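Colleague: Structure provided below as structure tokens; questions to follow.
The values are calculated or read from the model by the stated rules, or taken from the named source; none is laboratory data. These figures come from a predicted structure and were not determined experimentally. A quick note on method: Cβ atoms are made from the backbone with ideal geometry, for glycine too, and the neighbour counts reach across all protein chains shown. Accessible surface is based on the protein model in full, side chains and every heavy atom, while ligands, DNA and RNA are left aside. Shrake-Rupley method; radii C 1.70, N 1.55, O 1.52, S 1.80 Å.
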Amino acid sequence: MEFDMVGIDAAIANAFRRILLAEVPTMATEKVFIYSNTSIVQDEVLAHRLGLIPIKADPRLFEYRNTGEESAEEEGSEIDTIQLQLKIKCSRNPRASKDSSDPRELYLNHMVYSKDIKWVPIGNQADVFADCCIGPVHDDILIAQLRPGQELDIVMHCVKGIGKDHAKFSPVATASYRLLPEITLLEVVEGEKAERLKQCFSRGVIDLEDINGTKVAKVVNSRLDTCSREVLRHSDLKNVVKLGRVRDHFIFTVESTGILPPDVLVTEAIKVLVAKCQRFLNELDSTAME
């Protein structure tokens, strides 16, 4: 999603970016119980790979897990934990041709994908989340490759967390912003000179207008400019154009991992910032009263 923030300070824009990256909660695999792993992938590497798979579950419907309790070390409840299971075994394909050397034909279940991870409801989760399809966001994430006789038997516990604690909880693949480019022509640019000026910028930034049979350069959409400054390489063009940025106009780009839509993530980030401001005001009020 791309949207504009206009009339704010850079510090506020950066606050939104940092909150999107590190403080909007999601659900991710926290504990991996490996009962059997006879693949060539080491247990710790496998656990790390499973932890980074985005889990499609609305974090707003869950509570943070209380890590202070000893009893909560291994067991989770329906309000704070999602349980997933990965149980798969590779075997030879009895229908494969004798001359084949393709593993896809020779073996069954030799490629373990995220689609093989199944949700195991805890307590009343099957009823509460009957309309939700809890599981990995993407079905085609390769986890491991197996050969006949090798198997994986794993149980995962997913909990609510924020990117500040671990990158696996970050809800965005990227969240960035840039200032709106501002391009101003200081004089009329015509003919061959206008053609070269157009080539100096990204497509759609400069257009040529026909005025009395002469091609005249005109700035159409400075937003599309990538700020390459190629025009400065031309001695006869660098003084006819002024390049700049609008200091209080930010173009945000938010790319979600698929757990929540980008517009929901931005809304949640705004709520987090509002809550921070409210806590700060409350602290000021309590200090003033003392």
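Colleague: I'd like the carbon and sulfur percentage of the solvent accessible area for the chain, probe radius 1.4 Å, heavy atoms only, ligands and nucleic acids excluded.
Modeller: 49
Colleague: Here is a follow-up. Restricting to Cα pairs below 8 Å that are 6+ residues apart, what does the relative contact order work out to for the chain? Please round to a whole percent.
Modeller: Computed value for the chain: 28 percent relative contact order.
Colleague: If you count only protein heavy atoms and use a 1.4 Å probe, how large is the accessible surface of Glu187, to the nearest 10 Å²?
Modeller: For Glu187, solvent-accessible area is about 90 Å².
Colleague: Okay, next question. Assigning unit charges at the beta carbon (Lys, Arg +1; Asp, Glu -1) and nothing else, what dipole magnitude in debye, to the nearest 20, does the chain show about its Cα centre?
Modeller: Computed charge dipole of the chain: roughly 1080 debye.
Colleague: Please compute the per residue accessible area over the stretch 2-107 with all protein chains in place, 1.4 Å probe, rounded to a whole number of Å².
Modeller: 62
Colleague: Compare the Cα positions of Ala173, Val189, Ser202 along the charge dipole of the stretch 162-202 (+1 at Cβ of Lys, Arg; -1 at Cβ of Asp, Glu; about the Cα centre) and return the one farthest towards the positive end.
Modeller: Ala173
Colleague: With a 1.4 Å probe and all protein chains left in place, how much accessible area per residue does the stretch 137-290 have, in Å²?
Modeller: Dividing the accessible area of the stretch 137-290 by its residue count gives 58 Å².
Colleague: Answer rounded, prolate or oblate for the chain, using the Cα gyration tensor with square roots of eigenvalues a ≥ b ≥ c: rounded when a/c is under 1.5, else prolate when a/b is larger than b/c, else oblate.
Modeller: It comes out oblate by the Cα gyration axes.
Colleague: Pairs Lys215/Lys238; Lys31/Lys164; Lys56/Lys276; Lys56/Lys87: which are spaced more than 25 Å apart, C-alpha to C-alpha?
Modeller: With Cα atoms farther than 25 Å apart: Lys56/Lys276.
Colleague: Grab the eigenvalues of the alpha-carbon gyration tensor for the stretch 2-150, scale each by 5, take roots, and send me the semi-axes largest first in whole angstrom.
Modeller: 37, 22, 15
Colleague: Rounded, prolate or oblate: which one fits the stretch 145-290, using the alpha carbon gyration tensor with axes a ≥ b ≥ c (rounded when a/c is under 1.5, else prolate when a/b beats b/c, else oblate)?
Modeller: oblate
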